[in-house]
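Colleague: My structure is below; once you've seen it, I'll send some questions.
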Amino acid sequence: MRAVVTGGAGFLGSHLSERLLSDGWAVVCLDNLSTGRRANVAGFVSAPGFEFREHDVTRPIAVDGGVDAVFHLASPASPPDYLKMPIETLDAGSAGTRNALDLARLQNARFVLASTSEVYGDPLVHPQTEDYAGNVHPLGPRSVYDEAKRFAEAMTAAFRRHHGVDTRIVRIFNTFGPRMRPDDGRVVSNFVVQALKGEPLTVYGDGEQTRSFCYVSDLIEGIVKLAGAPRSDALARPFNIGNPRERTVKDLAERVLRLTGSASPIERRELPRDDPKRRCPDITRARAELGWQPRVDIDDGLERTIDFFRQFLA
Ligand code: NAD
Ligand code: UDP
């Protein structure tokens, strides 16, 4: 079995590539290194069956030889990244998704889209079920990411209906773990790095907004289960994959301080515009149809992440 992983040098893409290799797949990793790093694949870059290609997926994708599955993860993902690269983000979700789907169609390969909880925007339904259509501001700053992913889902659904491509859509909720970029600006990497450096932890707004944090190995297991499910019409529907335990940002800050033993103070910063107030996945569908649920406790996951950043900073 041979997979193409776009965004394979990123945080999630590198963990997925490594997991597929250990399951016996050959993996072609396509990445333009805009937010990813070669260091993420350094541990398995010379493993048999692994191939890294520097490629921008907004240009047509040609991969010779058989391909059984295309995992499309290429896109800036952290809010500061996509706000810095708004047009590139829209291009990755639109042209990039189209090119990845064209490859899957040509190769008669299974296609897995890495979508996001951000398709629900600032949700008015809680927890979010897959049937909820979302509350996205089409012109707000976050729309470059949210609408790109919504378009990517629409394109994926059209390729399934119109071309019969075997597609799957995973809506990923906030995931953390080793190989996040220390400066990518997401809350877990920010807090852990700030705590380890003895700098103030920057809590945006009053810190009462919530997220549901999933450890990376749980997320990857969910993606692998979804990709491995037998072809069926039921898979036309998207799957929420995330941890259903909702926590405030303030709780996360206090947890990171406790686990690092840091004496850093907590400092308030302005809440970014359109920052979702609450986010929590309803994972009933993934539990029932994929037999998946997260297993790693948040403190265990944070400890592994803290170890990673400790080594990285040293
Ligand atoms: P990341 O920034 O670490 O990885 C994204 C990768 O895509 C990077 O390696 C980057 O260089 C690459 N990339 C970006 N644009 C590209 C292009 N045009 N051509 C080729 N490569 C390109 O982010 P991540 O957290 O690993 O996210 C991976 C995917 O999962 C993204 O699609 C993201 O939207 C989705 N996702 C992640 C989370 C999360 O919590 N980590 C949540 C929801 C969705
Ligand atoms: N956040 C914060 N301090 C930071 C970075 C983020 O308080 O240094 C908040 C942010 O406002 C949001 C939550 O943490 O409410 C999650 O932010 P992140 O960028 O990790 O992901 P997303 O907003 O995409 O869920």
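Only the coordinates and a few stated rules stand behind these numbers; no lab work does. Source: prediction; values computed, not measured. Because the Cβ atoms are built from the backbone with ideal geometry, glycine has one as well, and the counts that use them run over all protein chains shown.
Colleague: So if each residue of separation counts as 0.36 nm, and I subtract the Cα-Cα distance between ARG310 and LEU106, what length gain in nm does that give?
Modeller: Length gained between ARG310 and LEU106: 69.0 nm.
Colleague: Checking the cross-link filter: which lysines have an alpha carbon closer than 29 Å to that of LYS225, excluding same-chain neighbours under 8 positions apart?
Modeller: Within the straight-line cut-off, LYS225 pairs with LYS149.
Colleague: I've got another one for you. Please order LEU139, LEU201 by the number of other Cβ within 10 Å, starting at the fewest.
Modeller: LEU139, LEU201
Colleague: To the nearest 20 Debye, how big is the dipole of the chain about its Cα centre, given +1 on the beta carbon of each Lys and Arg and -1 on that of each Asp and Glu?
Modeller: Once rounded to the nearest 20, the dipole reads 240 debye.
Colleague: Computed over the Cα atoms of the stretch 105-195, what is the convex hull's projected area averaged over all directions, in nm²?
Modeller: 8.0 nm²
Colleague: Cα centroid distance between the stretch 277-314 and the stretch 32-78, in Å?
Modeller: Here the two parts' Cα centres lie 24 Å apart.
Colleague: Write down the Å³ per residue value for the convex hull defined by the alpha carbon atoms of the stretch 1-152.
Modeller: Roughly 115 Å³ of hull volume per residue.
Colleague: Would you please state the base-10 log of I(q)/I(0) at q = 0.11, 0.14 1/Å for the chain, with intensities from the Debye formula using one equal scatterer on every alpha carbon?
Modeller: Listed by q, the Debye log ratios stand at -0.64, -1.07.
Colleague: Another question, then. Considering only the stretch 120-251, what is the antiparallel percent among its DSSP beta bridges, to the nearest 5?
Modeller: Close to 25 percent.
Colleague: A further question follows. Could you tell me which residue out of THR175, ALA26, VAL144 lies farthest along the dipole of the chain toward its positive end? Charges go on the beta carbon: Lys and Arg +1, Asp and Glu -1, centred on the Cα centre.
Modeller: Checked the options; the winner is ALA26.
Colleague: Taking amide H positions as placed in the peptide plane 1.01 Å from N, state which residues far from TRP292 in sequence (5 or more) or on other chains have amide H under 5 Å from it.
Modeller: Result for TRP292 returns ARG287.
Colleague: While we're here: Normalising by the residue count of the stretch 1-141, find the relative contact order in percent from Cα pairs under 8 Å and 6+ residues apart.
Modeller: 22 percent
Colleague: With +1 assigned to the C-beta of every Lys and Arg and -1 to the C-beta of every Asp and Glu, and no other charges, what is the dipole magnitude of the stretch 162-268 about the Cα centre in debye, to the nearest 20?
Modeller: The calculated dipole for the stretch 162-268 is roughly 200 debye.
Colleague: To continue, here is another question. If amide hydrogens are placed 1.01 Å from N in the peptide plane, which non-local residues have theirs closer than 5 Å to the one on GLY205?
Modeller: Correct list: ARG269, GLU270, LEU271.
Colleague: Given the stretch 71-121 reduced to its alpha-carbon atoms as identical point scatterers, what log10 I(q)/I(0) does the Debye formula return at q = 0.14, 0.24, 0.28, 0.32 Å⁻¹?
Modeller: -0.39, -0.92, -1.10, -1.23
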